[in-house]
There are 2 protein chains.
Amino acid sequence: MNVSSKPERTRLSAEDWELAALQLIAEHGVGALAVEALARQLGVTKGSFYWHFRTREALLHAALERWEQYGEREVLGQIEQISDPRKRLPELFRRVAHELQPHRVYAALLKALDHPQVVPVMARVSQRRMEFLTTAYREAGLAPPQALNRARLTYAAYVGFLQLNFTLGLPRLNHEEFDAYVEHMITTLIPA
Amino acid sequence: MNVSSKPERTRLSAEDWELAALQLIAEHGVGALAVEALARQLGVTKGSFYWHFRTREALLHAALERWEQYGEREVLGQIEQISDPRKRLPELFRRVAHELQPHRVYAALLKALDHPQVVPVMARVSQRRMEFLTTAYREAGLAPPQALNRARLTYAAYVGFLQLNFTLGLPRLNHEEFDAYVEHMITTLIPA
DNA sequence: GGCAATCCATACTCTTCCGTATGGTCAACG
DNA sequence: CGTTGACCATACGGAAGAGTATGGATTGCC
């Protein structure tokens with residue numbers, strides 16, 4: 001809690017700036033990533049920043065790289081350990097649905113696809129996830145062309161739900177309504 | 001073609017500014033909506049702008065309102081005239097899929113849900129479209145709870161596809177691949 | 001043609017934010 | 001305990017863009 005609210009008067013490292021940048025991106029988007037604002041939030045001034053980073057773009061690049069590295073195998077790694085291929089996709093859906101917090105950054109980056117720096121990162125991440133989905137659908141019994149299109153459809157639904165739910169707050173679902181929606185997704189998208 | 005490239009030396013109205021703003025939003029996002037940039041594009045200076053509008057926010061508000069008014073009943077109005085309810089949804093899918101041009105503004109606004117001005121507009125538009133989808137699914141034979149969730153799923157897939165395809169350029173589909181994807185959507189999401 | 005309203009250009013101010021220059025402070029270590 | 005290097009504050013320069021002030025140009029209308 002007091003990582004950013006109470007600076008605790010310890011000195012900062014480049015990692016601190018990158019984590020603070022990711023948090024700020026998740027809350028206010030890439031456009032709000034200003035060094036002076038970040039410095040105020042961290043309780044220091046710009047002088048600190050320009051010791052750790054050469055430029056603002058360097059910070060964004062480092063933060064995106066960190067996110068791409070560490071935020072990846074949180075979900076996919078655990079799912080791959082499930083032996084039964086037919087149980088993988090429902091479990092993936094349920095886990096992703098109930099751990100929406102790590103996806104805040106992804107939702108924010110989705111709204112920043114104007115910036116040339118985030119496009120390659122998002123392209124790589126989306127590509128990997130889509131390939132994961134495609135093979136999962138193939139292992140679940142779909143023919144290759146069907147599996148590919150189903151993966152596209154599933155991933156589009158995921159991305160769209162992030163946009164609509166997070167930043168637009170629509171549809172406004174309570175807990176049980178949300179669970180019902182997830183189960184509806186499972187029965188609709190995953191072959192029996 | 002020469003609406004913006006050749007100003008034809010005619011004087012401008014507020015409508016001209018709003019249309020130019022929408023075009024600029026569709027191409028470069030809401031963040032790129034700067035009055036001096038727009039003025040350069042229209043072949044005039046800021047002096048013209050601040051005669052027609054009190055502030056930059058006023059222009060954005062007017063442009064959004066115009067978009068919400070005129071860009072709505074292009075698709076939905078035609079679909080409602082289809083008598084057979086079971087043929088409405090496939091036809092809706094195909095038309096939306098092949099007229100993606102009017103959805104560029106929607107895709108751009110989707111990436112600008114940080115701005116407080118666009119949130120209510122997008123909320124209204126998305127709400128209306130989702131209600132349209134829900135009744136269409138009910139008329140296609142789904143029970144009310146199923147129809148609601150199916151509408152959410154469909155609309156999320158639509159929104160996600162806009163994001164992934166337009167601004168990220170992924171998945172990169174040619175014409176027949178795209179048609180196959182649309183047909184896959186139809187068979188997967190619409191009850192037989 | 002002349003007048004008034006409409007439309008636009010020019011020339012400012014003000015704010016925000018990136019980046020630089022430079023000196024100060026604190027901790028570690030010999 | 002003094003020196004060194006890591007870390008930070010302060011002050012500045014410069015670019016970009018919003019908004020204002022004011023006068024000039026152009027159009028419609030009598």
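Taken together, the residues in region B:136-159 that are in a helix (DSSP H, G or I), at pLDDT 95 or above and open to solvent by 20 Å² or more (accessible area, probe 1.4 Å) amount to 8.
Of the residues making up region B:45-56, those that are within 8 Å of DNA strand D (Cβ to nearest atom) and either small (Gly, Ala, Ser) or under 19 Å from residue B:26 (Cβ atoms) (or both) are B:47, B:56. Would you confirm whether or not region B:81-98 contains a residue that is within 13 Å of chain A (Cβ to nearest Cβ), within 24 Å of residue A:161 (Cβ to Cβ) and not in a helix (DSSP H, G or I)? No.
Reported count of residues in region A:160-188, each being modelled with pLDDT of 90 or more and facing another protein chain (nearest Cβ under 7 Å), is 9.
Does any residue of region A:106-114 turn out to be facing chain B (nearest Cβ under 10 Å), touching a helix residue (DSSP H, G or I) at 6+ places or on another chain (Cβ under 9 Å), open to solvent by 20 Å² or more (accessible area, probe 1.4 Å) and not in a helix (DSSP H, G or I)? Yes, that holds for at least one residue. Return yes when residue B:107 is outside the structural domain of residue B:27 (by TED's automatic domain parsing) and over 21 Å from residue B:187 (Cα atoms) and no when it is not. Against the criterion (outside the structural domain of residue B:27 (by TED's automatic domain parsing) and over 21 Å from residue B:187 (Cα atoms)), residue B:107 qualifies. Only a single criterion out of (1) in contact with a Lys or Arg (Cβ under 6 Å, 6 or more places away or on another chain); (2) open to solvent by 20 Å² or more (accessible area, probe 1.4 Å) is not satisfied by residue A:79, namely (2). Please specify each residue of region B:160-173 satisfying the condition of being open to solvent by 20 Å² or more (accessible area, probe 1.4 Å) and not in a loop (DSSP other than H, G, I, E, B). Selection gives B:161, B:165, B:166, B:167. May I ask you to list the residues in region B:125-142 that are in contact (Cβ under 8 Å) with a residue 40 or more places away in the chain and out of contact with any helix residue (DSSP H, G or I) (no Cβ under 7 Å at 6 or more places or on another chain)? Within region B:125-142, B:128, B:141 qualify. Based on what the data block shows, is residue A:64 within 16 Å of DNA strand D (Cβ to nearest atom) and under 15 Å from residue A:33 (Cα atoms)? In short, no. The set of residues from region A:64-75 being open to solvent by less than 40 Å² (accessible area, probe 1.4 Å) and part of a helix (DSSP H, G or I) comprises A:64, A:67, A:68.
The values are calculated or read from the model by the stated rules, or taken from the named source; none is laboratory data. The model shown is predicted, which means the values in this text are computed figures rather than measured ones. Neighbour counts run over all protein chains shown; Cβ positions are idealised from the backbone, glycine included. Each accessible area value is taken on the protein alone, full model and side chains, heavy atoms only, with ligands, DNA and RNA left out. Shrake-Rupley method; radii C 1.70, N 1.55, O 1.52, S 1.80 Å.
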